[in-house]
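Below: the structure, in structure tokens.
Readers should treat all values here as calculations from the given coordinates under stated rules, not as data from a laboratory. No experiment lies behind these values; they were computed from the predicted model shown. Here the Cβ is made from the backbone with ideal geometry for all residues, glycine too, and neighbour counts use every protein chain on show.
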Amino acid sequence: MNTCIVGIGSNIEAEKYIPLALEMIGNDCTILQTSSMVKTKPIGYADQDDFTNGAVKIETNWNRQELNRYLKQVEDQLGRDRTQIKFGPRTIDLDLMIWNGQVVDKDYYTRDFLRQSAAELGFKASG
């Protein structure tokens, strides 16, 4: 069993898409805990609505590649438009952040809200 923390973000109807994403993930993985959701300013492209961000701690039998593929499928099912500019508006953004106690998303080190969400879910970075 693999224990993971997945970052969640949305700035298009976040109050709708974040619960839908969590429901979908909960149908296929075991949700152990969900962090609080916080409002954050956009990064990279400022001319858009603020984001709602948080994280979910899950258990899964999938390997890392399978889980990443699954998360992209959930994004697609929830209308993620990949033709938008990088860092542009999105219905849902799901990023594998922590895999079995190891940071696997470099954004963890540069975004306070990711570190705070992971810490809220019991993750403590080593070193």
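Computed from the Cβ-Cβ distance with R0 of 25 Å, the FRET efficiency linking residue 116 to residue 59 stands at 0.70.
The charge dipole of the chain, taken about its Cα centre with unit charges on the Cβ of Lys, Arg, Asp and Glu (plus for the first two, minus for the last two), comes to roughly 360 debye. Here's the list of lysines a cross-link from residue 72 could span, going by alpha-carbon distance under 16 Å and ignoring same-chain residues fewer than 8 apart: 86.
By the rule of a C-alpha distance below 19 Å, with chain neighbours fewer than 8 residues away ignored, the aspartates and glutamates paired with residue 41 are 13, 15, 49, 50, 93, 95, 107, 112.
The residue 39 and residue 125 beta-carbon pair, evaluated with R₀ = 30 Å, returns a calculated FRET efficiency of approximately 0.80. Oblate is the label for segment 46-127, because a/c, from the alpha-carbon gyration tensor with a ≥ b ≥ c as root eigenvalues, is 1.5 or above and a/b does not exceed b/c. Put in line by how crowded their Cβ is, counting other Cβ atoms within 10 Å and starting with the fewest, 5, 18 read 18, 5.
Among 99, 62, the order by Cβ neighbours within 10 angstrom, fewest to most, reads 62, 99.
Summing charges over neighbours of residue 8, with a neighbour being any other residue whose Cβ is under 10 Å away from its Cβ, gives -2 when K and R count +1 and D and E count -1.
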